[in-house]
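Before we start, here is the structure in question, set down as structure tokens.
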Amino acid sequence: MHKGPILRLAILLALTTAFCHPVGSQETGVLYLDSGSLSRLAASCTTATHWRYHGGDDPAYADPGFDDSGWEVRATVVDASEWSKRESCGPDWYRLHLRVDSSLWGRPVGIAYAIAGAAEVFLNGEPLFGLGRVGTSAETEETWFTDRGIPKSIEFSDTRDQILAVRFSAADPRLPDIAEGGIGYILHAVPLAESTNDAVNKMIAGSRQHVFLAGVTLSLALLHTLMFFLYRRFKENIYFALFTFGCAGLAVAPAQTINLPEIESFFVFTLVLKLSMVVCVLSALAVLYSLFYGRFPRQYWLFVSAGVVMAVFSGSISRTWFYAFTAIAFVELTRITVRAMVTRERMAWVIGAGFMTFIIASAWQMLSDVGVVPRVDLGVEVYLIGIMALLLSLSLYLAIRYAETSRSLEDKAALEKAHAELEEAHRDLHDTQAQLIQSEKMASLGQLVAGVAHEINNPIGAISSMNNTLTKAVDRLKEQLTASASVGESDTAGDTSKMLAAIDDANKVISSGTERVTDIVSRLRSFARLDEAELKRVDIHECLEDTLALIRHELKHNITVLREYADLPEISCFPKRLNQVLLNILINARQAIEGKGEIRISTGGVGEGQVFVAIEDTGPGIPPANLDKIFDPGFTTKGAGIGTGLGLSICYQIIKDHRGDIRVESELGRGTKFTVILPVDLEKRIDIRRP
């Protein structure tokens, strides 16, 4: 991770200074350069120890003929704490006396640099290049902060002694807080082609690596965000998505603080780096706590509190504190992972493998940066391999857990579906059972009605027969008595005439009663329709009248029946079942009326090929809350011992079997209206031929 633009070169300078000067071959304040020294790392670093320094600003200081013998010989890098004590932050001047071998005359040479500040570089009094813009204040200065600048090209003149002069300033007050390696600059000469190509290639390779890592992390973030929205109960996916977003920031920010030397860019991406570290720490802890604890323990909220405070004040808190915060969290993450592996949590070894790879790769990267261990050329920075291993291990673990959860949900869904089907079958069985019970009742009623009709019909037939015989006998008796009266038996004839008149009146009453009983029997036989179980055409008005005749004794005292019949064609139906519907609705209407009231029966056509029968009462009405349940099996408002709650449910099913519809309208205090809609051509709709 980026630790300051001069830190690496300062470390390298300390390690190699002892090898920079062949003893007795160089004089103080002069740097010797030849073609061989450019290929040696030590020669490249010694430029920081041969400079002559003078405070103040004068363009004449760039002149190669200027006498600087009285200037102080010192390094170009000053400790940040010492720099902050200075009254003036520049511009100051540095001069370096070069003893250039003729092998380098006229040959392009690369000048690599690291800088924390701003500088203008001159060779033999001529300006070479600028690093930022030198100024007397933060407003006029353009500060640079980098240690990996692409080498600048210079060309030495054909003279042995040459002067490299640098005008330097560091006026930005923020520099002492971020320049951990010191404030100043380092220039070192290297072969141009090699250095430039190497720097460019490294920069391109580094950018590609960081862009690739950022792309992978963002892809994983989007993938696990989508997985979270598909199944929100698996919250680990959104925690991991936040973690990968943070990793994307960690991938982009260090590269940008190196590639963009302007200090403003450095501060922006340093802020991104700090916030990304906090997001990574808190989301990684959230993932592992959620996976292996199933909850957030108390210590997690301590991390959250510290992270929020650091994020809010990230602009004024040193990166060292963020590194310390990350290190402590890293210890906790390791503890959680080791605990999960020891307790043999399912698939914990996957995360453990990723963490071990990350630890080894990160440690090797840090040690190789300071020269403790050799660099390993894998074509990619080692720590990036560690981050990738950690990301992939966590993603693999979450994917496995997500797949297991999905299978569990599928099994649960299958069980719920089977349970729903079982409940549906149970309801169907209950409905069928209720219909069978009602059908059995109606069948028994039909048989009872048929039996009663048969039993009544026999004596009625005998009475009718005897009435005919009596009528004929009385007629013959009248003829004989009339003949006797003509011969003079007047008194006896008068008495006989009175007796005959009484017999004649009785005979009329017997005849009238016989006709009425015969009509009742006919209605009973028509309602029962034991011979009409198959589909046939009937007059719907006849069905209504048959049903009304059956319950006439219920209606004749307090109920007025109003009929509004339209001229309708015969309809196809199952007469016995349709009579059952009409009977149930009429009985319900009668029972709904307390005292006197009216039942209005109306019929008519509905569009093409349909008729309706509407039965409306003047009862108290049905509460709105009960209207949706009125056709449910077992639902009743009649109270215990009065209704079973099966009548309207069976009516609903019968009408549906007739490919019709039954509707209910009710208003409290005004009454209820049932409307039955039936097709005229049922035989066509259910593909049954009439016999």
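The values are calculated or read from the model by the stated rules, or taken from the named source; none is laboratory data. Computed from a predicted model, the values in this text were never measured in an experiment. Note that each Cβ is placed from the backbone with ideal geometry, even for glycine, and that neighbours are counted across all protein chains shown. Just so you know, the surface numbers come from the protein's heavy atoms only, side chains and all, with ligands and any DNA or RNA stripped out. Shrake-Rupley method; radii C 1.70, N 1.55, O 1.52, S 1.80 Å.
Spot the failing condition for residue 106; the list is (1) on the phi < 0 side of the Ramachandran plot; (2) exposed (fewer than 15 other Cβ atoms within 10 Å of the Cβ), and only one is missed.
Of (1) on the phi < 0 side of the Ramachandran plot; (2) exposed (fewer than 15 other Cβ atoms within 10 Å of the Cβ), only one is false for residue 106: (1).
Just one of 138, 75, 114, 118 is in contact with a Phe, Trp or Tyr (Cβ under 9 Å, 6 or more places away or on another chain), in contact (Cβ under 8 Å) with a residue 24 or more places away in the chain and assigned to a loop (DSSP other than H, G, I, E, B); which is it?
75
Residues checked against (1) over 20 Å from residue 239 (Cβ atoms); (2) open to solvent by less than 20 Å² (accessible area, probe 1.4 Å); (3) modelled with pLDDT of 80 or more:
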| position | (1), (2), (3) |
| --- | --- |
| 313 | yes, no, yes |
| 321 | yes, no, yes |
| 339 | no, no, yes |
| 347 | no, no, no |
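Quick test of your reading of the structure: residue 95 fulfils all but one of (1) in contact with a helix residue (DSSP H, G or I) (Cβ under 8 Å, 6 or more places away or on another chain); (2) open to solvent by 10 Å² or more (accessible area, probe 1.4 Å). Name the failing condition by number.
(2)
Oh, and also: Farther than 26 Å from residue 679 by Cβ and of a type in the set (S, T, N, Q): is that true of residue 618 in this structure?
Yes.
May I ask you to verify whether residue 386 is small (Gly, Ala, Ser), at pLDDT below 75 and open to solvent by less than 90 Å² (accessible area, probe 1.4 Å)?
no
While we're here: Looking at region 646-680 only, could you name the residues that are over 18 Å from residue 586 (Cβ atoms), over 43 Å from the mean Cα position of the chain (by Cα) and either assigned to a strand (DSSP E or B) or free of Cβ contacts under 8 Å to residues at least 24 places away in the same chain (or both)?
Hits for region 646-680 are 667, 679.
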